[in-house]
Each structure stands twice: as C-alpha cells, then as structure tokens.
Amino acid sequence: MNKPLDHFVPLARWLHWSMAVALLAMLFIGAGMVASVSTRHQWLIQLHKPLGIALLALAVIRLGVRLATRQPPLPADLPAFQALAAKASHWLLYGLMLTLPLLGWAMLSAAGDPVSLGAGVRLPPLLAPDAATFAVLRTAHGYLAYLLFCTVLVHLAAALYHGLIRRDGVLRSMARGR
Ligand code: HEM
Ligand code: HEM
C-alpha cells in the first residue's frame with residue numbers, strides 16, 4: 001500500500017495559491033465594478049471578463065489535478081463532523097470556481113454581448129439572447145459570488161484554526177509541503 005502523503009503535490013499547491021489571489025481580486029473587482037458609474041467601470045469590466053475566463057480554465061485544470069493525484073489525509077483525530085465540513089466546503093469551492101465564470105459567460109451571451117478576451121479573440125455565445133434569462137443569470141452571478149466570498153472566509157478561519165490552534169500539519173500540507 002502507498003504511504004500517505006504529507007502534502008499536496010506542487011502543482012496543486014501552485015494552483016491553490018495563485019487562484020486564491022486571483023479569485024479574491026475578482027471578488028473585489030466585481031464589487032468595485034458594480035459600485036462605480038465612472039470611467040473605471042469599463043476598465044474594471046475589461047479586466048473582470050478575461051481574468052474570469054482564465055480562472056475557468058485554471059479551475060478545469062485544477063479539477064483534473066485533483067482527480068488524478070492523491071491528497072494528504074485529514075488528521076485521524078479530527079472529529080467526524082469537521083472532516084465532513086472540510087470535504088463539503090472543498091467541493092462547494094470547486095463547484096463555485098467552475099459555476100461562477102460559466103454564469104458570467106452565459107449571462108453575457110443572454111445579454112447578446114459577446115465575451116471578448118482582447119487581441120480580437122471572442123468566445124462563442126453559450127445561450128441565445130433573452131432578457132429574462134439574462135436577469136436570472138445576472139442575479140445568480142451576484143449571489144453566488146457573495147456565497148464564494150463567505151465560504152472563503154470560513155475556509156480561511158478553518159485553515160488558521162488548523163495552523164495556529166490544532167497545529168496538526170493541515171495548513172503546512174498546503175503551504176509548503178513539509
Ligand atoms: C471566478 C470568477 C468570477 C467572480 C469571482 C466574479 C465576481 C463578480 C462579482 C462579485 C460581481 C458583482 C456582483 C454584484 O454585486 O451584483 C460580478 C459582476 C459581473 N461579472 Fe463576474 N465574476 C467572475 C467571472 C465572470 C466572468 C467570466 C464574466 C464574463 C465573461 C463575468 C461578468 C460579470 C458581469 C458582466 C458583471 C456585472 C457588471 C455590471 O453589472 O456592471 N464575471 N462578478
Ligand atoms: C479564494 C480563496 C481560496 C479558495 C477558492 C480555496 C480553495 C481550496 C480548495 C478547493 C481546497 C481543497 C483542496 C483539495 O482537497 O483538492 C483547499 C484546501 C486548503 N486550503 Fe484553500 N482556498 C482558498 C484560500 C485559502 C487560504 C487564504 C488559506 C490559508 C490561509 C487556505 C488554506 C488551505 C489549506 C490549509 C487547505 C488544505 C485543507 C485540507 O487538507 O483539508 N486556502 N482550498
């Protein structure tokens with residue numbers, strides 16, 4: 001039998017930290033963008049769209065890495081409800097990392113506004129234009145973005161609990177391996 005790992009594989013760690021920075025930036029760009037009617041709105045939205053699509057590509061790669069590699073086990077003495085909460089919240093995070101950018105792309109398709117990535121590259125529409133569908137997807141994009149933000153805050157609190165209070169190696173397994 002394989003020896004249990006004590007850390008996530010380097011690619012998983014690289015994806016975790018670079019996506020954490022980019023996702024947090026996206027949440028603030030999104031919130032700042034809808035709060036501004038100045039010329040900054042256009043500038044922020046032109047940043048929000050390609051960065052969101054890049055995060056979709058990274059999320060797909062990350063899911064592939066997750067399914068193709070082994071993960072370090074949670075500490076054996078972790079109460080069952082905490083282990084269950086950890087697993088459920090990780091899958092919720094994976095789900096949101098995939099759903100949010102897809103919703104952004106789909107809602108712009110429903111608005112009849114093609115997603116342009118710059119340098120003349122345009123993504124194909126995911127849906128036919130329809131105002132009612134746009135309204136539903138736009139609302140869902142907003143709510144799910146704030147659900148992601150709340151889940152990340154709980155996840156951060158849990159990581160600090162493992163790192164500073166339990167000191168059980170869970171934070172180290174993602175931070176630097178050993
Ligand atoms: C992980 C990826 C993403 C995150 C975390 C994110 C986050 C957000 C947030 C927080 C808002 C503000 C919501 C509100 O207050 O109602 C927003 C709005 C928006 N997002 Fe995203 N988003 C992501 C991906 C995308 C993608 C890929 C697109 C399009 C290709 C997109 C297009 C938009 C648009 C058009 C708005 C509304 C702008 C407006 O009403 O002026 N988003 N997003
Ligand atoms: C947008 C921000 C973040 C997202 C979306 C995110 C997402 C994830 C996901 C999906 C996992 C599960 C990995 C797997 O089993 O494949 C994970 C694990 C982990 N994350 Fe994050 N993370 C974020 C920010 C952070 C921050 C700020 C910290 C710490 C300060 C952190 C610490 C950890 C640790 C320690 C693990 C390993 C947990 C375990 O083994 O059960 N994460 N993260």
> Just for the range 17-60: of the residues that are within 22 Å of LEU92 (Cα to Cα) and aromatic (Phe, Trp, Tyr), which one is farthest from ligand 1 (Cβ to nearest atom)?
Replying inline: TRP17
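One line per residue, one yes/no per condition, for (1) within 16 Å of ligand 2 (Cβ to nearest atom); (2) surrounded by fewer than 16 Cβ atoms within 10 Å (Cβ to Cβ):
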position: ASP6; (1), (2): yes, yes
position: TRP14; (1), (2): yes, yes
position: TRP17; (1), (2): yes, yes
position: LEU23; (1), (2): yes, no
position: GLY32; (1), (2): no, yes
position: SER36; (1), (2): no, yes
position: ILE45; (1), (2): no, yes
position: ALA57; (1), (2): yes, yes
position: ALA68; (1), (2): yes, yes
>> So HIS41 passes all but one of these: (1) open to solvent by 70 Å² or more (accessible area, probe 1.4 Å); (2) modelled with pLDDT under 95. Which condition number does it fail?
In response: (1)
> So which residues in the range 119-154 are surrounded by fewer than 16 Cβ atoms within 10 Å (Cβ to Cβ), within 22 Å of ILE61 (Cα to Cα) and not hydrophobic (A, V, I, L, M, F, W, C), if there are any at all?
Replying inline: ARG122, PRO124
>> Just the residues that are of a type in the set (D, E, K, R) and more than 13 Å from ligand 2 (Cβ to nearest atom), please, taken from the range 87-125.
In response: ASP113, ARG122
> Which condition does LEU160 not pass, out of (1) under 30 Å from PRO75 (Cα atoms); (2) open to solvent by 70 Å² or more (accessible area, probe 1.4 Å); (3) in contact (Cβ under 8 Å) with a residue 40 or more places away in the chain; (4) touching a Leu at 6+ places or on another chain (Cβ under 9 Å), if it passes all the others?
Replying inline: (3)
> Residue check: is ALA128 free of Cβ contacts under 8 Å to residues at least 24 places away in the same chain and either among the hydrophobic types (A, V, I, L, M, F, W, C) or within 30 Å of HIS162 (Cα to Cα) (or both)?
Replying inline: yes
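Please verify whether the range 92-105 includes one or more residues that are of a type in the set (Gly, Ala, Ser) and in contact (Cβ under 8 Å) with a residue 12 or more places away in the chain.
yes
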> Any residue at all in the range 11-32 that is β-branched (Val, Ile, Thr), farther than 21 Å from LEU123 by Cβ and under 19 Å from the mean Cα position of the chain (by Cα)?
Replying inline: yes
>> Quick check on ALA110: is it modelled with pLDDT of 95 or more and touching a Pro at 6+ places or on another chain (Cβ under 7 Å)?
In response: yes
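The values are calculated or read from the model by the stated rules, or taken from the named source; none is laboratory data. Since the model is a prediction, treat every value here as computed from it, not as a measurement. Cβ atoms come from the backbone with ideal geometry, glycine included; neighbour counts cover every protein chain shown. Surface accessibility is based on the protein's heavy atoms, side chains included, excluding ligands, DNA and RNA. Shrake-Rupley method; radii C 1.70, N 1.55, O 1.52, S 1.80 Å.
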